[in-house]
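For reference, the structure is listed below as structure tokens.
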Amino acid sequence: MNRESFYSALKSSDILTCYLFEGEEEYTKESALRALRSAVLKDDPTGLNATVLTDPDADTLIACAETLPMMADRRFVLVKECSLLQVSKSQDGEEKASSKSGSGDRIAEYISDLPGTVCLVFYVKGKANASRKLYKGIAKLGGVVSFEPLDQTMMIKWIAKELKSYGKQIDRRTAEQIMFAVGQDMHRLANELAKLSAYAGDRDAVTMEDIDAICTKSTEYRVFDLSDAMVKGNAAAASRLMADMLREGEQRLMLLSLLQRQYRQLLFIKILSNERMSPDMMSKHLSLSPFVVRKLQPLAQNYPVDELLWAQNLLTDTEFFVKSGQIPEEGSLEQAVYRLLAKRMKEQVS
């Protein structure tokens, strides 16, 4: 089942005896785990009926699940880092059998007839191994809950709901700006939304100006600022932004890679704009959000196609030369940025 189906069942008090929480979106997975624990234990402050196990063997898990709850209807047993649901690989990258495979058979058999006095939850970071016997056993019970990254529409709804809990409102464009500036890691977004709500004070709505004033910008966003300064031929601003990122510990190779991606996107947007493709169609074609396309399109319009192609090749070659040891990493980013700036300023003069 997906996240929505899980919450719908939970709202109806339809709680299974066994679950597997897996998927790439850790924030929503953690939130769902807290909601399930609260529903099972009914906010029991003692914690006597809650147990956390880390990769237990069959005897330990079964003994815990069979223990009757104290003055409650159910126990809540959480199993973390279960090797029986993970892909174990040898040094050559080949999948190998878990050392607990015999224990796994016992656990897989046991969960098919769990007592109604327990809610057993297997929690896996990232994706679980669907080929394992235990996974198939939980899936047969209907207990596999997959938490995948939210799409843009769902993310905007989540941002609005999160801010509403602080008594704040937000419009769609401002929510898109938050995602663009901060990134889409939901743990980080949650922290930034809390900061925004506090900064807004008595005001009902969060604004673009609030984001600029208080939010900690992602590296990707700062690279966008860097490319924006380079488009304008503003060497002082570009040098300052680049120096700030390097001083704060960002790696030159990573920044080169992000800058290369930025110029590649600008090149594609420029070509598609010349073909009169709409921003919405570009968004689908390039797998970018419409908001990002709208942000990049004005930058792309300042470049001729051949300059963007030259810039893309320069950044690709620089990254290759560093990785192949032909040039040192030290100074590689700076050299590429200053060459791009010199080219830009020359184009603007001509």
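No lab work stands behind these numbers, since they all come straight from the coordinates. Here the structure is a predicted model, which means the values were calculated and not measured. Note: ideal-geometry Cβ built from the backbone for every residue, glycine included; neighbour counts use all protein chains shown.
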Relative to the Cα centre, what is the charge dipole magnitude of the stretch 107-240, using +1 at the beta carbon of each Lys and Arg, -1 at the beta carbon of each Asp and Glu, and rounding to the nearest 20 debye?
440
Which angle between 0 and 90 degrees, to the nearest 10, do you get for helix 252-274 versus the longest principal axis of the chain when only C-alpha atoms count?
70
The answer for trypsin sites (Lys or Arg not before Pro) in the stretch 1-74 that fall in a DSSP coil and have at most 16 neighbouring Cβ atoms within 10 Å is K42
Other-chain or far-sequence residues with amide H under 5 Å of Q169's (modelled H)
A205, V206
Can you list residues from other chains, or at least 5 along the same chain, whose modelled amide H is less than 5 Å from the amide H of F122?
Y19, L20, F21, V79
For A50, list long-range residues whose amide hydrogen, built 1.01 Å from N in the peptide plane, is under 5 Å from its own amide hydrogen.
F76
Give, as a single signed number, the net charge of other residues whose beta carbon lies under 15 Å from the beta carbon of A200, with Lys and Arg counted +1 and Asp and Glu -1.
-4
Correct choice for semi-axes √(5λ) of the Cα gyration tensor in Å that was computed from the model, options [x] 33, 23, 19; [y] 48, 26, 18; [z] 41, 26, 20:
[y]
Where the convex hull is taken over the Cα atoms of the stretch 97-164, what is its projected area averaged over directions, in nm²?
7.0
How many angstrom lie between the Cα centre of the stretch 247-284 and the Cα centre of the stretch 113-159?
35
Longer than 24 Å from Cα to Cα, which of K232/K295; K11/K161; K140/K161; K125/K284; K217/K343; K11/K157 are they? Say none if no pair is.
K140/K161; K125/K284; K217/K343
Could you work out the helix-only [θ] at 222 nm for the chain, with each DSSP H run of four or more residues adding -39,500 (n - 2.57) and the total divided by the number of residues, to the nearest 500 deg cm²/dmol?
-18500 deg cm²/dmol
In whole Hz, what ³J(HN,Hα) sequence does the stretch 317-333 give by Karplus (6.51, -1.76, 1.60; θ = phi - 60°), x for Gly and Pro?
5, 4, 4, 5, 5, 5, 5, 8, x, 7, 9, x, 5, 4, x, 5, 5
Report ³J(HN,Hα) in whole Hz for each residue of the stretch 73-78, in order, from the Karplus equation J = 6.51 cos²θ - 1.76 cosθ + 1.60 where θ = phi - 60°; Gly and Pro get x.
7, 9, 9, 10, 10, 10
Angle in degrees between helix 235-247 and the longest Cα principal axis of the chain, rounded to the nearest 10
30
When a/c is below 1.5 the answer is rounded, else prolate if a/b is larger than b/c, else oblate, so apply that to the stretch 172-312 with a ≥ b ≥ c taken from the square roots of the Cα gyration tensor eigenvalues.
oblate
Go through A237, I211, L189 and say which Cα lies farthest out towards the positive end of the charge dipole of the stretch 182-245; charges sit on Cβ, +1 for Lys and Arg, -1 for Asp and Glu.
A237
Candidates per chymotrypsin sites (Phe, Trp or Tyr not before Pro) in the stretch 12-82, loop by DSSP, up to 15 other Cβ within 10 Å
none
Low-density loop cleavage sites - GluC sites (Glu not before Pro) in the stretch 188-287, where at most 10 other Cβ are within 10 Å (DSSP):
E248, E275
How large is ³J(HN,Hα), in whole Hz, for each residue of the stretch 23-29 in order, when computed from phi with the Karplus curve 6.51 cos²θ - 1.76 cosθ + 1.60 and θ = phi - 60°, using x for Gly and Pro?
x, 7, 8, 6, 5, 5, 5
